[in-house]
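The structure under discussion appears below in the form of structure tokens.
Throughout, read-outs are computed from the coordinates displayed, never taken from laboratory work. Just so we're clear, the structure is a prediction, and the values are computed from it rather than from any experiment. Cβ: placed from backbone, ideal geometry, glycine included. Neighbour counts: every protein chain shown.
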Amino acid sequence: MFPNAPGTQSLRFRGPTTASSDAANASEKLKTGAGKKVIKDTLIREQLNRFCGAMYTAISDCDETYNYWEPLHYLIHGHGFQTWEYSPQFSIRSWAYILIHTFPAWIASKVFTLDKRPGFFAIRAAFALISSYCEAKLYRAIADHINLRAARYFLAISLFSAGMWNASTAFLPSTFALHAITLAYSYILEPVSSKPEASKRTFNAVFCLATAVILGWPFVGVLALPFVFEELSMSGEDEIMPASRPVWAMRRFQRLFNSGIMALVLIALPVFLIDSLAYGQLVFVPLKIILYNVFPTQGSGPELYGVEPWYYYFLSLGLNFNIVSILALVSLPCLWLTKTFSPTVGLRLGTRLRHAHQSTASDLLLIRLAPVYIWIAILSQQPHKEERFMYPIYTLISFNAAVTLSLVRGWFEDAFVKATASPYRAGRTSLFGLFTRSILAITIFISAARIFAIQRYYHTPLDIVFHFQYNELPVRAIQSYPSFYQNLKLNTSLPILEALEFAEETVDLSVLKNERLNVCLGSEWYRFPNRFLIPNEIDVKFIDGGFKGQLPGRFLNDEDEQLKKIKLSQDEMALDRFWPWLGTRMNGSSFNSLNLPESDRLVDVEKCDYVITLLNDEILKQESKEWGEICKCEKILDNPRSNWLSRLIWIPFVKVFDDLQDGGLNKFSKLCLIKKKSLVGSSD
């Protein structure tokens, strides 16, 4: 048996076998300078995967577009859609959260002056970098304080998870909370103690948790409850005699309290000041979010936006984590079974850390596994449910599943040792490694099939706006204003699009500003990615598509007379120099919290120059003749008409999963960019 290093919880240690010796030695290397290369390699793997997600993942939630990308676009470029949540009357979205994301987009806007798209991907790349760092930190913490085997399982699960592929680079407070919670638990996994150096663990964990709560999503505070319980009541590495426990408890409380006060000063105070400046009134947004969701006014509340059955999150986790979700949910029963029935429980879970009055490794591990259960139990009771509400625990799900897999493998090893009476043979056999690798291979395959399905079935909106910006608009501009583009030195013997591929400069579309072109969104308004992917010279409007709820309005911009007057009257106010975006203090449109339609949102279709709409094959030709010419169409999955299984995953070379051909189980509509008839002759 190998002795535990101080502060290490070991899930299992067998007799002196080669495999366990190698694992122990590898785990020790992670705690020294020799482990730096391992961590660096882990970070590189995470970055490559997350950057791929950042570049190719579609935006799956209109809340991400209108509540986060659009306000950010307003801060960077001066215009954007405004939702009722950003109305000063309601103020339940934090401008502080938006502000901290401006730097990558601002840098991109200075480097790429003719294109906003790099700003969109710069922010996503920043998310990828943050996510990979936090996951690598948690991987190391698992290796240091649980064991290397569980760490490797965690890495494989998290790296290839379909859920993490979508969540890690989404511009959502729940994703921000995911990263902060992941970082917090990289500190929490270290056993608690009252040693002076343990104060750093407490503060780092509290700071990360407070950041998740205040800047991210207030409700993730419940994920801190196991940590608080551990800090205040579990001895951890301390040997506490009954007589000294009151003094010990007071010191622990004081340490936690001081860390909390420091975190509030460092996080809550700046957030309060920024949001108060932005809204022009004293406001603490996290508190308002809680009040809106827990104590809504009559007729309002989150239930207006849909309710789901109690088992919704189990289906969601099954979709995004497949068999991993089952492994995660049975982690506590597996821990209990191991502690109760394993013949080598003292070796597998670790005996008491050193003394009788210290916490056992199994008790500490129970505390680390509990947050997943707490989160699912609480959120399953709420009527309004959305997939993104599970984001904050995604890495913890991977951790729970990794622990389960490690424990179950240990059961098989125990059974093998009992059957063969040979710990040496147990260490030499490859059966156990084959078992765990098979489980991981299955979950990776299913996750890959899910990722491919998302990319192939729902990426169409990004393809359409890409065609609009880099094909339709450049052709129109060059044909309408040929003298303006003489410096491009295009090969006139080639079609314009082919000639543009060899152009040395980006096409400047500013010449189109005087035309005041509008691209309109109909029934598929919720699929619109965001204005970062639409040139500044083009405005985005809504037309009647049959939606009966409240559409987003718009922020007042510098061209609005109302805003100009306010600027003149407040020009000398010192505070305005710290927050120059005065449109955040006003309603650019009329708003309500009841999800009722507002008449000022829609324009007549005749005011549109382009329309992005969903067309079925049977009405495609008719609609085109009535209004204009189809510029581009791409197939997009029609969920209600498609088979439930084939729409969830995509398997290449399997007929029923053939995503873009007739005869499969999936049915498709066409998302199209249509050009107004009056523009057809001018740009063709």
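Observations on the model:
- Leu319 versus Glu629: modelled label distance in nm, points set 7 Å from Cα along the beta carbon direction: 3.9
- Residues with amide H under 5 Å from that of Phe668, placed H, sequence gap 5 or more: Asp638
- Computed E for Ser480/Val307 - FRET, C-beta separation, R0 45 angstrom, nearest 0.05: 0.35
- Placing unit charges on the Cβ atoms only, positive for Lys and Arg and negative for Asp and Glu, gives region 18-457 a dipole magnitude near 1300 debye about its Cα centre.
- Once the Cα-Cα distance is subtracted from the 0.36 nm per residue extended length, the Lys195 to Val222 segment shows a gain of 7.1 nm.
- Amide H contacts of Ile630 (H built 1.01 Å from N, in plane; Pro and chain starts excluded): Lys675 sit under 5 Å, all sequence-distant by 5 or more or on other chains.
- Divided by 2.2 N^0.38 Å, where N counts the residues, the Cα radius of gyration of region 268-413 comes to 1.42.
- The simple spin-label model puts a point 7 Å past each Cα toward its Cβ; for Gln254 and Ser380 those points are separated by 4.3 nm.
- This model, with +1 at the C-beta of Lys and Arg and -1 at the C-beta of Asp and Glu, gives region 464-551 a dipole about its Cα centre of some 360 debye.
- Fully extended contour minus Cα-Cα distance, from Thr340 to Ser438, at 0.36 nm per residue: 32.5 nm
- Modelled FRET efficiency - R0 45 Å, Ala58 with Leu269, Cβ distances, 0.05 increments: 0.75
- Counting only Cα atoms, the size of region 18-457 along its three principal axes is 73, 58, 46 Å, in decreasing order.
- Computed on region 18-457, with alpha-carbon pairs under 8 angstrom and 6+ residues apart, the relative contact order is 20 percent.
- Label point distance in nm, Phe466-Leu48, each placed 7 Å from Cα along Cα→Cβ: 2.2
- Across Lys288/Lys385; Lys541/Lys675; Lys116/Lys137; Lys541/Lys676; Lys632/Lys677; Lys541/Lys667, pairs whose alpha-carbon gap is larger than 24 Å: Lys116/Lys137; Lys541/Lys667
- Relative contact order computed over region 60-195 (Cα-Cα under 8 Å; 6+ residues apart), in percent: 21
- Our estimate of slack between Thr102 and Val605, defined as 0.36 nm per intervening residue step minus the Cα-Cα distance, is 177.7 nm.
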